[in-house]
Amino acid sequence: MIDRTAIARDFEAAPFHRWLGVKVLQAAEDGVEVEIPWREEFYAQVERTYMHGGIIASIIDFTADFAIAVKLGHALPTIDLRTDYHKAVPGGTVRARGGVIKAGRTIVTAEARIFDAAGALVASGRGAYLNRA
């Protein structure tokens, strides 16, 4: 039996996730949901108040990998990542939802979607992760 509470606690305690302020809202075998509060450091440029694409890609990556960790009991290293940007994130808390698409013996594929404070889809992506188990 996987202790989802312990996995969520470890996920939130990771230094990068702690810096981002990630809060786990849901962690179940069929998917995860996290919330990230806005930080001034997320701005792409001082003159343009929207979230940097690197932060968005990171959220896609760790949300998908967190879904894997909840399903398999441990996170996996990313070997490929695709991020699609649908709308600029002007600020405010974002939520991300992720799930495992296919857990193969060598490669695990997972996806994530990010929503702004109003609930609009702002980015989505899919990653491939190396299953070394």
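The values are calculated or read from the model by the stated rules, or taken from the named source; none is laboratory data. Please read all numbers here as calculations on a predicted model, not as lab measurements. Every residue, glycine among them, receives a Cβ derived from its backbone with ideal geometry; neighbour counts consider all protein chains shown. Heads up: the accessible areas ignore ligands, DNA and RNA and are worked out on the full protein's heavy atoms, side chains in. Shrake-Rupley method; radii C 1.70, N 1.55, O 1.52, S 1.80 Å.
I'm trying to understand the selection: among the residues of region 40-97, which are charged (D, E, K, R) and touching a residue at least 40 places away in the same chain (Cβ under 8 Å)?
Within region 40-97, the first condition is being charged (D, E, K, R), and the residues that meet it are 40-41, 47-48, 61, 65, 71, 80, 82, 84, 87, 95, 97.
Matches in region 40-97: Asp61, Asp65, Lys71, Asp80, Arg82, Asp84, Arg95, Arg97.
Test Arg39 against the criterion of being surrounded by fewer than 16 Cβ atoms within 10 Å (Cβ to Cβ), modelled with pLDDT under 90 and of a type outside the set (Ser, Thr, Tyr), and give yes or no. Full working, then the answer.
Working: surrounded by fewer than 16 Cβ atoms within 10 Å (Cβ to Cβ): yes; modelled with pLDDT under 90: no; of a type outside the set (Ser, Thr, Tyr): yes.
Criteria not met by Arg39.
Determine whether Ala27 is open to solvent by less than 80 Å² (accessible area, probe 1.4 Å) and in contact with a Ser or Thr (Cβ under 7 Å, 6 or more places away or on another chain). Show your work before the answer.
Details: open to solvent by less than 80 Å² (accessible area, probe 1.4 Å): yes; in contact with a Ser or Thr (Cβ under 7 Å, 6 or more places away or on another chain): no.
In short, no.
Test Asp80 against the stated conditions and say whether it is outside any strand (DSSP E or B), of a type outside the set (Gly, Ala, Ser), within 12 Å of Arg126 (Cβ to Cβ) and touching a strand residue (DSSP E or B) at 6+ places or on another chain (Cβ under 8 Å).
Working: outside any strand (DSSP E or B): no; of a type outside the set (Gly, Ala, Ser): yes; within 12 Å of Arg126 (Cβ to Cβ): yes; touching a strand residue (DSSP E or B) at 6+ places or on another chain (Cβ under 8 Å): yes.
Spelling it out, it is not the case that Asp80 is outside any strand (DSSP E or B), of a type outside the set (Gly, Ala, Ser), within 12 Å of Arg126 (Cβ to Cβ) and touching a strand residue (DSSP E or B) at 6+ places or on another chain (Cβ under 8 Å).
If you check Ala44, Ala14, which single one turns out to be over 19 Å from Gly99 (Cβ atoms), in contact with a His (Cβ under 9 Å, 6 or more places away or on another chain), surrounded by fewer than 18 Cβ atoms within 10 Å (Cβ to Cβ) and modelled with pLDDT under 95?
On the way: Ala14 fails: in contact with a His (Cβ under 9 Å, 6 or more places away or on another chain).
The unique qualifying residue is Ala44.
Is there a residue being in contact with a Leu (Cβ under 6 Å, 6 or more places away or on another chain), within 21 Å of Glu12 (Cβ to Cβ), assigned to a helix (DSSP H, G or I) and not β-branched (Val, Ile, Thr) anywhere in region 37-54?
Taking region 37-54 first, the residues in contact with a Leu (Cβ under 6 Å, 6 or more places away or on another chain) are none.
No, region 37-54 contains no residue that is in contact with a Leu (Cβ under 6 Å, 6 or more places away or on another chain), within 21 Å of Glu12 (Cβ to Cβ), assigned to a helix (DSSP H, G or I) and not β-branched (Val, Ile, Thr).
For the structure I just gave you, tell me whether Val108 is in contact (Cβ under 8 Å) with a residue 40 or more places away in the chain and within 19 Å of Tyr50 (Cβ to Cβ). Spell out the reasoning first.
On the way: in contact (Cβ under 8 Å) with a residue 40 or more places away in the chain: yes; within 19 Å of Tyr50 (Cβ to Cβ): no.
For Val108, the condition - in contact (Cβ under 8 Å) with a residue 40 or more places away in the chain and within 19 Å of Tyr50 (Cβ to Cβ) - is not met.
Restricted to region 99-127, and to residues that are closer than 21 Å to Phe42 by Cα and small (Gly, Ala, Ser), which residue is most open to solvent (accessible area, probe 1.4 Å)? Lay out the reasoning, then the answer.
Step one: of region 99-127, the residues closer than 21 Å to Phe42 by Cα are 112-125.
When the remaining residues are screened for being small (Gly, Ala, Ser), the result is 112, 117-120, 123-125.
Details: Ala112: 2, Ala117: 80, Ala118: 96, Gly119: 49, Ala120: 32, Ala123: 0, Ser124: 23, Gly125: 11 Å².
The extreme case among them is Ala118.
What's the number of the only condition in (1) over 11 Å from the mean Cα position of the chain (by Cα); (2) in a strand (DSSP E or B) that Lys87 fails to meet?
Just one mismatch for Lys87, condition (2).
Can you name the condition, by its number, that Leu81 falls short on among (1) over 17 Å from Ile101 (Cβ atoms); (2) open to solvent by 30 Å² or more (accessible area, probe 1.4 Å)?
(1)
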